[in-house]
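The structure appears right after this line, and notes come after that.
No lab work stands behind these numbers, since they all come straight from the coordinates. Remember, it's a predicted structure, so these values are computed and weren't measured experimentally. Note: ideal-geometry Cβ built from the backbone for every residue, glycine included; neighbour counts use all protein chains shown.
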Amino acid sequence: MSFIEAVILGLVQGLTEFLPISSSAHVRVVGEMLNPGQDPGAAFTAIIQLGTETAVLIYFWKDITRIIGKWFRALAGKVPQSDPDVRMGWLVILGSIPIGVLGLLFEDQIDHNLRNLYITATMLIVFGLLLGVADRIAPQRKQLKELSFRDGILFGLAQALALIPGVSRSGGTITAGLLMGYTREAAARYAFLLAVPAVFASGVYKAVKEVPVLLTADGRASAAAAGEPSLVAIVVATAVAFGMGLAMIAWFMRLIENHSYLVFVVYRVVAGLLLLALLWFGVVDPLGGA
């Protein structure tokens with residue numbers, strides 16, 4: 001992977017991570033188009049997501065530090081467990097369990113079988129339509145202060161669907177939130193907060209497995225021969241994703257205050273149909289050369 005390709009994929013990650021259009025699908029497809037027959041890989045995608053998730057930490061810094069601080073003080077008995085921030089801390093922990101357990105149990109399938117672009121295209125269309133239905137019919141009255149443990153677990157199960165490229169981490173959780181009656185802003189805010197533990201855990205886990213290999217001469221040579229991302233490419237893409245992601249999250253949170261998700265629904269369906277056409281005519285390889 002060249003420097004320019006790393007920059008492009010970092011931009012794609014940053015542009016799409018917080019929109020309900022599936023960043024993993026876009027990185028997968030754009031990577032395939034930049035290097036025909038070569039999938040950037042699930043590990044590369046997971047690691048560069050550390051960049052965009054760092055943007056979440058910065059954007060929601062006051063919320064996150066307040067929640068963590070009160071959660072620890074509640075453990076020490078200095079803050080009641082009924083405090084909304086304490087409850088939010090527990091809900092983020094509980095909501096992160098499904099994606100963590102399923103991610104470990106089905107790691108091989110997620111890294112290989114589920115990256116089939118036919119699956120990605122189908123998920124783009126199906127979950128795009130679900131988002132459209134939820135945005136259209138849901139009451140959208142509930143705020144995060146009304147978040148219950150049942151709803152928190154349902155949010156977590158919806159997030160776990162994002163292990164399938166094309167579903168979208170934010171799209172899946174936002175759709176679930178809308179269907180449970182939460183406002184667009186509340187559903188999006190919780191989706192981003194809920195993603196923090198899962199994305200950092202996944203990114204660090206993949207980095208611990210992949211980076212030591214790339215630091216060896218054999219690992220560098222193997223990656224270069226296969227056209228796979230080098231350590232430099234991973235670092236560049238992660239840094240670019242952070243910068244672009246920080247700008248996008250601020251824009252997205254302002255957008256949904258007064259606009260529906262219709263534009264994203266249309267985009268997902270068109271993108272899914274276009275990807276199916278590219279697959280049908282053999283322009284892209286559904287398995288990325290696997």
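Here are a few things to note about the model shown:
- Modelled this way, with points 7 Å down the Cα-to-C-beta line, the labels at Phe149 and Asp83 are 1.9 nm from one another.
- Segment Leu273-Glu107, length gained on full extension (0.36 nm per residue, minus Cα span): 57.0 nm
- By other beta-carbon atoms within 10 Å, ranking Phe18, Phe72 with the fewest at the front produces Phe72, Phe18.
- Charge dipole magnitude, Cβ of K and R +1, D and E -1 - region 1-130, Cα centre, debye nearest 20: 640
- Theoretical gain in end-to-end length, Ile93 to Trp280 [0.36 nm per residue, Cα-Cα removed]: 63.1 nm
- Long-range amide H partners of Lys142 with built H, under 5 Å: Tyr182, Thr183
- Average Cα contact separation per residue, region 42-183, under 8 Å, 6 or more apart, as relative contact order %: 26
- Pairwise alpha-carbon distances in the chain exceed 27 Å for 39% of all pairs.
- Theoretical gain in end-to-end length, Leu262 to Thr65 [0.36 nm per residue, Cα-Cα removed]: 67.6 nm
- The angle between the Cα long axis of helix 231-255 and the main principal axis of the chain comes to about 40°, on a 0 to 90 degree scale.
- Table column - 3J(HN,Hα) (Hz), region 150-157, Karplus curve with 6.51, -1.76, 1.60, x for Gly and Pro: 4, 5, x, 5, 5, 4, x, 5
- Crossing angle, helix 262-280 versus the chain [Cα axis fit, 0-90 degrees, rounded to tens]: 20
- Taking Gly203, Gly156, Gly69 as the candidate residues, the one with maximal mean-square fluctuation in a Gaussian network model of the chain, Cα springs under 10 Å, is Gly69.
- Its DSSP H runs of at least 4 residues, each contributing -39,500 (n - 2.57), put the calculated 222 nm mean residue ellipticity of the chain at -24500 deg cm²/dmol, to the nearest 500.
- Relative contact order computed over the chain (Cα-Cα under 8 Å; 6+ residues apart), in percent: 37
- Förster radius 51 Å - calculated FRET efficiency between Ala76 and Val126 (Cβ-Cβ, nearest 0.05): 0.65
- Ordered by the count of other Cβ atoms within 10 Å of each Cβ, fewest first, Ile249, Ile58, Ile48, Ile153 give Ile58, Ile153, Ile249, Ile48.
- In the chain, the longest principal axis of the Cα atoms and the axis of helix 169-179 are about 40 degrees apart.
- Exposure proxy ranking for Glu17, Glu5, Glu257, based on other Cβ atoms within 10 angstrom of each Cβ and starting from the fewest, stands as Glu257, Glu5, Glu17.
- Computed from the Cβ-Cβ distance with R0 of 35 Å, the FRET efficiency linking Phe3 to Leu57 stands at 0.85.
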